[in-house]
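Working notes for the structure below.
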Amino acid sequence: MNDAASPAWARFGVPTMAVERRADGATLLRATEPIGTCAARVGDMFARWVREIPDRLYLAARQPDASWLRLTYGEAGRLARAVGQALLDRHLGPDKPVLIVAENGIDHALLALGCLMVGVPFAPISAAYARPGQGFTKIKYILDLVRPGLIFVDSWARYAGARGALDAANVETVVAGELPAGSNVTPFQALTRTAATPAVDAAAAAVGPGTLAKVLFTSGSTDMPKGVINTHRMICINQEMMRFGLPFLAERPPVLCDWLPWSHTFAGNHNFHMILRHGGTYYIDEGKPVPGLIEKTVANLREVSPTAYLNVPRGYALLLDHLERDAALRDHFFAELDFIHYAGAAMAETLQARVRHLARQVKGEPVPLVSAWGATETAPHATGRHFPSDHPSNIGLSPPGCEIKLAPVGDKLEIRVRGPHVTPGYWRQPDATRAAFDEEGFYRSGDAVTFADPADPSQGLLFDGRIVENFKLSSGTWVHVGTLRLAAIAAGAPAIEDCVVTGHDRDEIGLLIFPSLAGCRALCPHLPADAATRKLVAEPQVRQAVRQGLERLRAAGGASSMYATRALLLAEPPTIDANEITDKGYLNQRAVLSNRAAWVERLYADPPDPDLIQLA
């Protein structure tokens, strides 16, 4: 099933685990290898490449005319110094940070680099919070918590609805792009045209490992977002932890084409700083894994051959539909790839098998599929799987410098983390900070794991869902949502792309299914290629495939908590604006259940809904 025979796996680093099993049922894991030496501050990583390889391409982004705007390390260094000087001139600092309300972009990157260089903390927040339909409650909450001294937005027009909330902060607003005449804001060019002075170097020298670098906000799917403190030490040490597993990046600097948002730790820390640590090149992808925007990603990948591709499972699901249909795109995508990385959610084996099949077609062997686990609070890398595994939910092992505790919580094992890459707490929220750590100083993640092989911890840990997502049936039986979701996707292949598990306080488990359009089309070759989703999900072949998937799940054995007896196919895809898809591109189970409560009622209606797919 996996690609264990590929010699490419020999290039990765796999730590040796020391294991301590405690009488209270907890298990402690740590790598025996020492952590490498890291930079003292993020600005040092950037300054090295500005000095050593000023002509290498660093950043590239699409302009309105679809051409690429390209920036070398030398150019970026000069502009970031100018921005740093502009921030110093405004006397910004820990009590007056910068708030960034923007999509990924070169201006966004330069502002972040300027902040990191001179020790001015910044808080990049999800651009979705400033879009119509969100009520702006989260952005108002964040403004009150952060109390910024400057606000940056990347488009005057895009955030028109949020201007009232932003203006209420009564601080300078800096805007990129075109501005209407007479607008009372500062153009971003005013920052990049500032003349840098020796004050920039003095400020950079004053930045230390414990200096606050940024505040990253949690997703806020169950409550208001919490601002996670990120220090320079956290970010720099985390890159050394990652480097242990990916040592070849030092020989071949990575080239990324990446859409993942910098307001989230996956891209904002893991990817952005991986490029800085290794002197790589970052192509900013303006696409997203949703219909209408995935096409932008495809267009970019026709021109960029990444050496590493990092995404969430939903992103791969939509991209694979294009790669399977277009040989030229497929060849270009795989041409330079050293590895494919997924995180944020477990990647179903059906998706992994499709990736391996395409890689073999192009390269004659699979491209290593690696995974990882972490949190905003862990900077984020806390485990990495840099070895082959048959388990799609295998998140690997803790890297050097990171301690893992598996603590019993009910019938689950919660994964907890301690180390120099873990946040000291939440910005201006002492009560939340105290609640986030246990008595030994381990961060409580709320995620559950199991051992891939209890007798051999070196085989890695399996993600076992969010403890808070699990629920009880009316019988009192617990349903483990994460495990069941993956099993249902695999059993329902090729018809199911993703699903939401239902059944809280009910007699039976149900599924709300988001169909795989590529899989459904393959089941219905008699339909035109552009057949509407509503037409596809009504086809007998698709409904039968889902029914057979439910039957396979039940036949696999286990109690009533291990399979679903009913399902409905959803023609409307999950949406970002409704918070059904997080910024990372994976399903927010709670939001889908809330927004589609009427569909949940249809699942359990009596008499049965005519669209219901139900086991006898």
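The values are calculated or read from the model by the stated rules, or taken from the named source; none is laboratory data. Predicted, not measured: the structure shown is a model, and the values here were computed from it. Don't worry about glycine lacking a Cβ; one is built from the backbone with ideal geometry, like all the others, and counts go over all protein chains shown.
Some observations on this one:
- ALA130 being among the aliphatic types (A, V, I, L, M), surrounded by fewer than 22 Cβ atoms within 10 Å (Cβ to Cβ) and under 23 Å from GLY182 (Cα atoms): no
- Condition check for GLY482: surrounded by 19 or more Cβ atoms within 10 Å (Cβ to Cβ), within 20 Å of ASP411 (Cα to Cα), modelled with pLDDT of 90 or more and in the same structural domain as GLN541 (by TED's automatic domain parsing): no
- Criterion (touching a Lys or Arg at 6+ places or on another chain (Cβ under 8 Å) and of a type in the set (A, V, I, L, M)) met by exactly one of LEU462, LEU473, LEU486: LEU473
- Residue within segment 370-377 that is more than 18 Å from the chain's Cα centre (by Cα) and closer than 21 Å to THR218 by Cα present: no
- Residues of segment 5-33 that are part of a loop (DSSP other than H, G, I, E, B) and not hydroxyl-bearing (Ser, Thr, Tyr): ALA5, PHE12, GLY13, VAL14, PRO15, ARG22, ALA23, ASP24, GLY25, ALA26, GLU33.
- Filtered residue count, segment 14-55, keeping only those that are within 30 Å of ALA112 (Cβ to Cβ) and touching a Leu at 6+ places or on another chain (Cβ under 7 Å): 4
- Sole residue being closer than 30 Å to ALA40 by Cβ and either surrounded by 14 or more Cβ atoms within 10 Å (Cβ to Cβ) or in the same structural domain as VAL83 (by TED's automatic domain parsing) (or both), chosen from VAL171, VAL120: VAL120
- Evaluation of THR423 against the conditions (1) more than 29 Å from ILE489 (Cα to Cα); (2) more than 19 Å from the chain's Cα centre (by Cα); (3) not in a strand (DSSP E or B) shows that the sole unmet condition is (2).
- Any hit, segment 26-35, residues being modelled with pLDDT under 95 and under 26 Å from the mean Cα position of the chain (by Cα): yes
- If you go through segment 434-445 and pick out every residue that is in a loop (DSSP other than H, G, I, E, B) and either charged (D, E, K, R) or out of contact with any helix residue (DSSP H, G or I) (no Cβ under 8 Å at 6 or more places or on another chain) (or both), you end up with 5.
- Of all residues in segment 543-562, those satisfying the criterion of being of a type in the set (A, V, I, L, M) and in contact with a strand residue (DSSP E or B) (Cβ under 7 Å, 6 or more places away or on another chain) are VAL546, LEU550.
- Per-region count, segment 467-482, residues closer than 30 Å to HIS421 by Cα, touching a residue at least 60 places away in the same chain (Cβ under 8 Å) and touching a strand residue (DSSP E or B) at 6+ places or on another chain (Cβ under 7 Å): 4
- Subset of segment 204-260 [surrounded by fewer than 21 Cβ atoms within 10 Å (Cβ to Cβ), within 20 Å of the chain's Cα centre (by Cα) and of a type in the set (Gly, Ala, Ser)]: SER219, GLY220, SER221
- A count restricted to segment 164-194 and to residues that are aliphatic (A, V, I, L, M) and out of contact with any Leu (no Cβ under 8 Å at 6 or more places or on another chain) stands at 5.
Here is a yes/no grid of residues against (1) basic (Lys, Arg); (2) over 19 Å from LEU397 (Cα atoms):
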position	(1), (2)
HIS322	no, yes
ALA327	no, yes
ASP331	no, yes
ALA335	no, yes
ALA345	no, no
ALA353	no, yes
ALA359	no, yes
LYS363	yes, yes
ALA382	no, no
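- Residue in segment 123-153 that is modelled with the lowest pLDDT, counting only those that are charged (D, E, K, R) and in contact with a helix residue (DSSP H, G or I) (Cβ under 6 Å, 6 or more places away or on another chain): LYS138
- Count - residues of segment 503-522 that are touching a Pro at 6+ places or on another chain (Cβ under 7 Å) and without any contact (Cβ under 8 Å) to a residue 40 or more places away in the chain: 2
- Criterion (among the hydrophobic types (A, V, I, L, M, F, W, C), exposed (fewer than 14 other Cβ atoms within 10 Å of the Cβ) and modelled with pLDDT of 95 or more) met by exactly one of ALA82, ALA18, ALA47, ALA4: ALA18
- ASP431 falls short on exactly one of the conditions (1) over 29 Å from HIS504 (Cα atoms); (2) touching a helix residue (DSSP H, G or I) at 6+ places or on another chain (Cβ under 7 Å); (3) among the charged types (D, E, K, R), and that condition is (2).
- Of the strands (runs of 3 or more DSSP E) lying entirely inside segment 50-151, those containing at least 1 residues that are under 26 Å from CYS236 (Cα atoms), touching a residue at least 60 places away in the same chain (Cβ under 8 Å) and of a type outside the set (D, E, K, R) are 57-62, 98-101, 122-125.
- Hey, GLU497 under 19 Å from the mean Cα position of the chain (by Cα), acidic (Asp, Glu) and surrounded by fewer than 24 Cβ atoms within 10 Å (Cβ to Cβ) or not: no
- Only one entry in ILE467, ILE415 is buried (at least 23 other Cβ atoms within 10 Å of the Cβ) and within 26 Å of ARG590 (Cα to Cα), namely ILE415.
- Qualifying residue in segment 523-535 (condition: more than 30 Å from VAL409 (Cα to Cα), in contact with a Gly (Cβ under 6 Å, 6 or more places away or on another chain) and at pLDDT 90 or above): no
- Residue in segment 321-338 that is under 20 Å from the mean Cα position of the chain (by Cα) and buried (at least 23 other Cβ atoms within 10 Å of the Cβ) present: no
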